[in-house]
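The values are calculated or read from the model by the stated rules, or taken from the named source; none is laboratory data. Computed from a predicted model, the values in this text were never measured in an experiment. Here Cβ is always computed from backbone atoms with ideal geometry, including for glycine, and neighbour counts include all displayed protein chains.
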Amino acid sequence: MSASTSANSSFHIAVLPGDGIGHEVTAPALDVLRRIEQTTPGLGFRFSQAPAGAEEYKATGKSMSEQTIKLCGAADAIFLGACGLPSVRYPDNTEIMPQVELRFIYDLYAGVRPARLIPGVPSPIVGADRHGIDFVLVRESTEGLFASMGKGVTTHDEARETLVVTRKTTERLFDFCLRLAQRRKARGKPGRLTLVDKANVFKAFNWQRDIFNERKRAFAEVQTDMLYVDACAAMMVKKPWDFDVMVMENMFGDILSDLAAGLIGGLGIAPSADIGDTHAVFQPCHGTAPDIMGKAQANPTAMILSAAMMLDWLADKHDHQPAADAALRIEQAVDKAYASGLKPMEYGGNDGTAAISKAVMTALG
Ligand SMILES: NC(=O)c1ccc[n+]([C@@H]2O[C@H](COP(=O)([O-])OP(=O)(O)OC[C@H]3O[C@@H](n4cnc5c(N)ncnc54)[C@H](O)[C@@H]3O)[C@@H](O)[C@H]2O)c1
């Protein structure tokens, strides 16, 4: 905890609701955290809200102010709704993406995307209701093909973008994933880590495989394997229940993490975290959903589950058992709400933001 936090024994959370449905899903998730605070001895929060995103850019010419960046740096965790609107763009026609800037500013190299099928939520995969789906996809978030962002070269005859992976980030990323697999094993999950790459074609991935083999020696209890990304895509659709923790390059993860969200019922229930050595951002996988904003249809589940991930990360970082218990309580409340028959509008039901929030709050007790 930061110095100010330890003084009043509560976690300081920077809250960036962002744009569009970001606001609509942040409010119910904060209600959940306030209820958790009221009912969990030894756990408290101090929320500082700040603007970021397309609306902020329209108002000030910046995606977020220096003050907001400083707030994020000083807080114990960053809780972000979703940012950007397709209609608001920089002069070079790219979108306003403070969520991506924060990854680079605070070196958030591990993009953690859990894919857990909530019982009662329909999956498009045959057999998923019997087998369950419960894996975590970790996407490297600061380099890979994205290292070329803004640096690509185009001429009339060709275009080039360059993939970069560094030893420093590769080692930290593999250690993070091995620890995650270890933690999952301690919680009764398989505790297996799969490295996903394209080492049959590119030297860079063979180089990473050598680092993977070096780092895993320190984690004897974690089972490991390696899989080519194309085969992995097919396996994720055929037998997603066979995966536990997966780690991959940025661009591969960009694509397969949306596939993972599709497996568990959609973007409205897929949470995520971008984690570094000192800071972390917690946010739903979805964007600002301009097609439904202001219609009270947004599913807040992904944001609520991102709050649970935030508590679990704070618990691990600060050895704080009440936060770990609270994370589990939120997950269980979400499961209970869906078991009671919730049907979000996202997949053809009648339940909008208010009904889903109410069901989770009721289940929390
Ligand atoms: N992390 C982020 O902040 C983030 C991520 C992705 C996209 N974006 C931005 O969001 C804007 C819209 O992007 P997009 O349309 O490609 O993706 P999107 O995730 O906003 O929407 C895709 C589809 O999923 C639906 N959807 C998304 N979240 C939902 C929820 N919680 N409940 C119900 N339905 C939901 C939307 O209605 C839409 O049909 C763009 O400006 C994009 O740049 C931001």
**Q.** Positions within the stretch 208-219 being in contact (Cβ under 8 Å) with a residue 12 or more places away in the chain and closer than 15 Å to Met248 by Cα, in sequence order
**A.** Gln208, Arg209, Ile211, Phe212
Q) Filter the stretch 309-345 for residues that are within 16 Å of the ligand (Cβ to nearest atom) and in a helix (DSSP H, G or I); which is nearest to Glu37 (Cα to Cα)? A) Met310
Q) Which pairs have Cβ atoms under 6 Å, sit 6 or more apart or on different chains, and link a residue in the stretch 332-357 that is in contact (Cβ under 8 Å) with a residue 12 or more places away in the chain to one that is within 13 Å of the ligand (Cβ to nearest atom) and among the charged types (D, E, K, R)? A) Leu342/Asp351; Pro344/Asp351; Thr353/Glu24
Q) Looking at (1) in contact with an Asp or Glu (Cβ under 9 Å, 6 or more places away or on another chain); (2) more than 17 Å from Ser141 (Cβ to Cβ); (3) within 16 Å of the ligand (Cβ to nearest atom), which is the only condition Gly253 fails? A) (2)
Q. Which one is farthest from His12 (Cα to Cα), of the residues in the stretch 58-101 that are basic (Lys, Arg) and more than 16 Å from the ligand (Cβ to nearest atom)?
A. Lys62
**Q.** Residue list for the stretch 79-133, filter: β-branched (Val, Ile, Thr), modelled with pLDDT of 95 or more and not in a loop (DSSP other than H, G, I, E, B)
**A.** Ile105, Val112
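Rundown of residues vs (1) out of contact with any Leu (no Cβ under 9 Å at 6 or more places or on another chain); (2) within 26 Å of Asp254 (Cα to Cα), yes/no style:
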| position | (1), (2) |
| --- | --- |
| His279 | no, yes |
| Gly287 | no, yes |
| Lys295 | yes, no |
| Trp313 | yes, yes |
| Ala354 | yes, no |
Q) Within the set of pairs 6 or more residues apart or between chains, which connect a residue that is free of Cβ contacts under 8 Å to residues at least 40 places away in the same chain inside the stretch 121-144 to a residue that is among the polar types (S, T, N, Q) with Cβ atoms less than 9 Å apart? A) Asp129/Ser123
